[in-house]
Each structure stands twice: as C-alpha cells, then as structure tokens.
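Read the structure below first, then the notes.
The values are calculated or read from the model by the stated rules, or taken from the named source; none is laboratory data. Note that the structure is predicted; figures quoted are calculated from it, not measured. Here Cβ is always computed from backbone atoms with ideal geometry, including for glycine, and neighbour counts include all displayed protein chains.
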Amino acid sequence: MTAIRLPTILAAVMLFVPPGMAAEDGTRHRVGQVVDGDTVILAQPAGGADQVRLVGIQAPKLALGRPDFAAWPLAAEAKRALDDLIRGRLLTLTFGGRRLDRHGRLLAHLHDEAGTWIQGEMLRLGMARVYSFPDNRSRIAEMLALEGKARARRRGIWGNPFYALRAPGEAHHHIDTFQVIEGAVLDAAKVRGRVYLNFGPDWRTDFTVTLAPKTARLFVREGLDPLALEGRRVRVRGWLAWRNGPQIEATHPEQIEVVER
C-alpha cells in the first residue's frame with residue numbers, strides 16, 4: 001500500500017470555532033496518547049473521563065487487539081495524521097450534544113490554541129468521514145462540506161476503494177458495515193407513519209432507507225420532507241442491515257444529502 005504523505009505545515013486557511021456553536025468545558029488539556037484516528041486519551045482526566053472520542057467523524061479503524069478484526073486501509077495513516085495535528089498542543093474541548101458515550105468516553109470537538117478545529121482538519125485531509133448521531137448533530141453541515149471537498153479531490157481515504165461511494169445495487173455486499181450510498185429514490189411511501197425510500201423496483205430485495213414516524217416528523221420540521229425525495233438523487237450514510245433487502249434506518253436529517261446534478 002502506498003503511504004499517504006501528509007503536509008508538514010497546516011493549510012494557511014484554518015478552521016476556526018464559530019462563537020456560540022458549542023459549550024466549552026472551560027479548561028485546556030494535553031493528550032497523553034492517540035489511540036487511533038478518532039480517539040485520544042488525555043494526560044489528565046476531564047469531567048471524570050480520560051478518553052475522548054472525536055464526535056462527528058469516523059476514521060479508519062485499527063485492530064486494537066480485537067480478535068478476528070482486520071485493520072481498515074489507511075488506519076495507521078489516520079492515527080499519524082491526528083497525532084501530527086495535536087502533538088504537544090493544548091486542546092479545548094467543546095460539546096454540541098450528548099457528552100458521554102456508552103463506553104464512558106467524552107464526545108467532544110477538539111480545538112488547539114490557535115482555534116484550529118481538529119475534526120475539520122481530519123476531514124479536510126481525507127483522513128475521516130462524517131459519522132453523526134441524532135443526539136450529537138453540532139456542525140454536521142460544515143463537516144459534510146469538508147468531506148465532500150476531500151472526496152472530490154480523492155484525498156486520503158477517498159482514493160481507496162474500501163471507502164468508495166456505493167451504488168444502491170452494491171448495498172447487499174456490505175451488510176453490517178457503515179457505508180455512504182448514492183442513488184436516485186425510485187419511490188417514497190408512508191405506511192402507518194413510517195417512511196420508506198425505495199431505490200429499486202422490488203422492496204423485498206432492493207436497497208431501502210426507512211424513517212420511523214418520529215424521525216419522519218423531525219425531517220419535515222427541519223425542512224426536508226422525505227416523501228418529496230421521490231425522483232431525487234440523494235447520498236445516504238449509515239449502517240447497513242438486512243431487512244427485506246439491504247436497509248439503512250435514518251434517525252436524523254444529516255444522514256441524507258440531496259445531490260444536485
């Protein structure tokens with residue numbers, strides 16, 4: 001595998017923290033260890049926790065001692081990229097949603113002394129992709145824009161087939177994995193409040209995106225009527241499961257992007 005050469009000097013135009021976007025924890029921290037491209041261990045605990053999961057992104061995964069788990073392509077490069085960005089720097093933690101995950105890790109955005117947004121830099125470098133949750137949606141629109149630019153330039157992971165955009169017809173090959181799938185919604189229907197976005201003529205076997213009734217109402221409140229997506233080309237991200245064919249359960253609007261072409 002060809003190693004990815006990361007820039008030794010950060011770009012002149014940095015990614016700064018807009019005022020009022022998220023609450024700071026009020027202190028600065030040094031990292032004691034970089035675990036992988038989206039997880040670090042603080043030198044001193046903050047808020048009772050010492051691990052931080054960089055919220056909003058997913059970097060390539062290392063095996064980290066897990067049996068029968070092969071490291072994803074470019075996982076070592078992503079870890080090195082994060083280490084280059086934060087080594088020796090004081091970091092501020094900000095929060096835009098739930099603060100702890102089920103593993104007890106802080107779910108935070110990281111910013112260095114100059115205001116550089118670390119998640120934004122990882123996305124700009126193509127060393128991570130957007131990975132959002134319904135209870136942690138701060139700055140996702142900005143993240144998607146940065147991811148899109150990196151993908152268009154085939155930076156980092158976007159030059160590797162492992163992370164390629166999938167067509168709906170490929171979805172059945174990737175069950176139980178996180179994927180970004182792009183295609184046209186052939187049919188949109190609501191059944192007992194649940195919305196189904198069908199990407200093929202046979203809902204029993206073709207790729208589908210589903211929205212629970214509560215989620216469908218959230219989409220509408222935020223200006224994206226899922227039923228109006230019929231005939232539109234969209235990009236959807238999430239974990240694929242097999243339920244009458246490959247399916248992604250969307251839980252918040254940022255999972256679906258309307259692709260203008």
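Side notes on the structure shown:
- For segment 66-96, taking the residues that are basic (K, R) and farther than 22 Å from G159 by Cα, the one that is modelled with the lowest pLDDT is identified as R66.
Yes/no matrix, rows are residues, columns are (1) under 24 Å from E147 (Cα atoms); (2) touching a residue at least 60 places away in the same chain (Cβ under 8 Å); (3) out of contact with any strand residue (DSSP E or B) (no Cβ under 8 Å at 6 or more places or on another chain); (4) not assigned by TED's automatic domain parsing to the domain that holds F133:
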{"site": "V185", "(1), (2), (3), (4)": "yes, no, no, yes"}
{"site": "V191", "(1), (2), (3), (4)": "no, no, yes, yes"}
{"site": "W203", "(1), (2), (3), (4)": "no, no, no, yes"}
{"site": "A216", "(1), (2), (3), (4)": "no, no, no, yes"}
{"site": "R233", "(1), (2), (3), (4)": "yes, no, no, yes"}
{"site": "R237", "(1), (2), (3), (4)": "yes, yes, no, yes"}
{"site": "N244", "(1), (2), (3), (4)": "no, no, no, yes"}
{"site": "E249", "(1), (2), (3), (4)": "yes, no, no, yes"}
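- Test: residue in segment 223-231 that is closer than 18 Å to Q179 by Cβ, surrounded by fewer than 20 Cβ atoms within 10 Å (Cβ to Cβ) and either in the same structural domain as A171 (by TED's automatic domain parsing) or among the aromatic types (F, W, Y) (or both): no
- Residues within segment 56-84 that are of a type outside the set (A, V, I, L, M, F, W, C) and in contact with a Phe, Trp or Tyr (Cβ under 6 Å, 6 or more places away or on another chain), tallied: 4
- Whether a residue is among the hydroxyl-bearing types (S, T, Y) and within 14 Å of P134 (Cα to Cα) was assessed, and T208 does not pass this test.
- Residue check for A150: under 23 Å from P60 (Cβ atoms) and touching a Gly at 6+ places or on another chain (Cβ under 6 Å): yes
For every residue, the table says whether it meets (1) under 18 Å from the mean Cα position of the chain (by Cα); (2) without any contact (Cβ under 8 Å) to a residue 12 or more places away in the chain; (3) within 25 Å of V220 (Cα to Cα).
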site	(1), (2), (3)
I140	yes, no, yes
L146	yes, no, no
A152	yes, yes, no
R155	yes, no, no
R166	yes, no, no
T177	yes, no, no
G200	no, no, yes
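- Residue list for segment 146-157, filter: surrounded by fewer than 19 Cβ atoms within 10 Å (Cβ to Cβ) and assigned to a helix (DSSP H, G or I): G148, K149, A152
- Residue in segment 106-125 that is of a type in the set (D, E), touching a residue at least 40 places away in the same chain (Cβ under 8 Å) and out of contact with any helix residue (DSSP H, G or I) (no Cβ under 8 Å at 6 or more places or on another chain) present: yes
- Residue in segment 138-145 that is assigned to a loop (DSSP other than H, G, I, E, B) and of a type outside the set (V, I, T) present: yes
- Matching residues, segment 168-224, being small (G, A, S) and not in a loop (DSSP other than H, G, I, E, B): G169, A171, G183, A184, A188, A189, A216
- Among residues that are touching a helix residue (DSSP H, G or I) at 6+ places or on another chain (Cβ under 8 Å) and either free of Cβ contacts under 8 Å to residues at least 24 places away in the same chain or surrounded by 13 or more Cβ atoms within 10 Å (Cβ to Cβ) (or both), V220 is included.
- Of all residues in segment 26-79, those satisfying the criterion of being among the charged types (D, E, K, R) and out of contact with any strand residue (DSSP E or B) (no Cβ under 8 Å at 6 or more places or on another chain) are D36, R66, D68, E77.
- Among the residues listed as F178, F207, the single one being in contact with a Pro (Cβ under 7 Å, 6 or more places away or on another chain) and of a type in the set (F, W, Y): F207
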